[in-house]
Every structure is written in structure tokens, then in C-alpha cells.
1. Only one of these is of a type outside the set (Asp, Glu), modelled with pLDDT of 90 or more and outside any strand (DSSP E or B): 20, 42. Name it.
2. Mind checking which residues of segment 31-63 are in contact with a Leu (Cβ under 7 Å, 6 or more places away or on another chain) and among the hydroxyl-bearing types (Ser, Thr, Tyr)?
3. When residue 8 is evaluated against the numbered criteria (1) assigned to a loop (DSSP other than H, G, I, E, B); (2) out of contact with any helix residue (DSSP H, G or I) (no Cβ under 6 Å at 6 or more places or on another chain); (3) surrounded by 13 or more Cβ atoms within 10 Å (Cβ to Cβ), which criterion, by number, is the only one it fails?
4. Please pick out the residue among 36, 24, 31 that is hydroxyl-bearing (Ser, Thr, Tyr), surrounded by fewer than 16 Cβ atoms within 10 Å (Cβ to Cβ) and closer than 17 Å to residue 67 by Cβ.
5. Check whether at least one residue in segment 45-59 is without any contact (Cβ under 8 Å) to a residue 40 or more places away in the chain, of a type in the set (Lys, Arg) and either in a loop (DSSP other than H, G, I, E, B) or surrounded by 16 or more Cβ atoms within 10 Å (Cβ to Cβ) (or both), and report yes or no.
6. Would you mention how many residues in segment 13-36 are under 15 Å from residue 50 (Cα atoms), of a type outside the set (S, T, N, Q) and touching a residue at least 40 places away in the same chain (Cβ under 8 Å)?
7. Select from segment 24-38 the residues that are under 12 Å from the mean Cα position of the chain (by Cα) and assigned to a loop (DSSP other than H, G, I, E, B) and list them in ascending order.
Amino acid sequence: MFCSFTSAFQAFQWYQQLPGRGPTHLLTASTNENVTVGRFIGERLESGKRSSLHITDSQLGDSGSFLCAVDAQ
């Protein structure tokens, strides 16, 4: 999954929201290097204008909405 903004941001926050529940924080991608938390891998790209989230070995329980938020500089 990708998340993009028109301006550069310091960090991207990734969340997962399962049906009937509130969002759960997965990881913070604040550098151009991979950030791995469990099976979730996040990265900040293109000078802070874009971020990616990958799920390794995805499972049925990973179904839900994935949200991206930013921390402004």
C-alpha cells in the first residue's frame, strides 16, 4: 500500500482498523529505511512525500482498513 502527500513530512504513521474496532498503531516510518514491526514493513519514500506499507505472509486476520497519518515538521 502507498500513501502520498503533496508536501514533505517528517514521519508517516500507519494504522490498521479492524471491523467494529478503533484504529491500532502499526508503525512509524520516519526514515528512508525499512521499519519492520512483526509482519509489517513501512518505509518513507521520495523525500518524505510518500510512504509504503507491506505485509509479509498476509493472513485473513489482516483484513480491514489501513490508514496513514503524517507528523508535520
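The values are calculated or read from the model by the stated rules, or taken from the named source; none is laboratory data. If you're wondering where the values come from, they're calculated on a predicted model, not measured in any experiment. All Cβ positions, glycine included, derive from the backbone under ideal geometry; neighbour counts span all protein chains shown.
1. 20
2. Across segment 31-63, the qualifying residues are 51, 52.
3. (2)
4. On the way: 36 fails: closer than 17 Å to residue 67 by Cβ; 31 fails: closer than 17 Å to residue 67 by Cβ.
Among 36, 24, 31, only 24 is hydroxyl-bearing (Ser, Thr, Tyr), surrounded by fewer than 16 Cβ atoms within 10 Å (Cβ to Cβ) and closer than 17 Å to residue 67 by Cβ.
5. Within segment 45-59, not a single residue is without any contact (Cβ under 8 Å) to a residue 40 or more places away in the chain, of a type in the set (Lys, Arg) and either in a loop (DSSP other than H, G, I, E, B) or surrounded by 16 or more Cβ atoms within 10 Å (Cβ to Cβ) (or both).
6. Residues that pass the stated criteria total 1.
7. Within segment 24-38, 30, 34 qualify.
Yes or no, residue by residue, for (1) at negative phi; (2) touching a strand residue (DSSP E or B) at 6+ places or on another chain (Cβ under 8 Å):
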residue	(1), (2)
7	yes, no
38	no, no
51	yes, yes
55	yes, yes
